[in-house]
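**Q** Provided herewith is a single structure, encoded as structure tokens, for subsequent inquiry.
No value in this document is a laboratory result; all are computed from the given coordinates. If you're wondering where the values come from, they're calculated on a predicted model, not measured in any experiment. With ideal geometry, Cβ positions are generated from the backbone for all residues, glycine too; neighbour counts draw on all protein chains shown.
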Amino acid sequence: MRGVLVSGGSINVVQLKQHIRENDFIVAVDSGLNYLKEIDMLPHILIGDLDSVKEDTLLWSKEKDISILKYPIEKDKTDTEIAIDYLIHKGINEILMFGCTGTRLDHSLSNISLLRNLDKI
């Protein structure tokens, strides 16, 4: 099974929509949910501390009964790292990552370093 991780960095939503397949397991990472709402795509789960997702988008996720794994803001892993670990533990053998770079240099560098974790799949 293929996982699609949508984080809150820069995303071309047209390309995002083109790359998601019907059988993909979609994970919204915090404000990545904003992009999925924009293209009317429901994730299977929302993961993160929810500090940057828009309030109306969070309400939309609750109305759509999307599963949420909420973490504290102060933690040892980033939201994206938690989402990658979740997908690996779920047995996903391919992960597409969207929105993991482009808005904040610290997040971009951190997410690039997470690619080493993908050798586990």
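**Q** Leaving out same-chain residues fewer than 8 places away, which lysines sit with a Cα under 20 Å from that of residue 90?
**A** In chain and number order, the partners are 70, 77, 120.
**Q** Rounded to the nearest 0.05, what FRET efficiency do residue 73 and residue 15 have when you use their Cβ-Cβ distance and R0 = 30 Å?
**A** 0.50
**Q** Students often forget the sequence filter, so: which aspartates and glutamates lie under 19 Å Cα-Cα from residue 54 once same-chain residues fewer than 8 apart are removed?
**A** Answer for residue 54, where 19 Å is the Cα cut-off: 30, 38, 40, 63, 65, 79, listed by chain and number.
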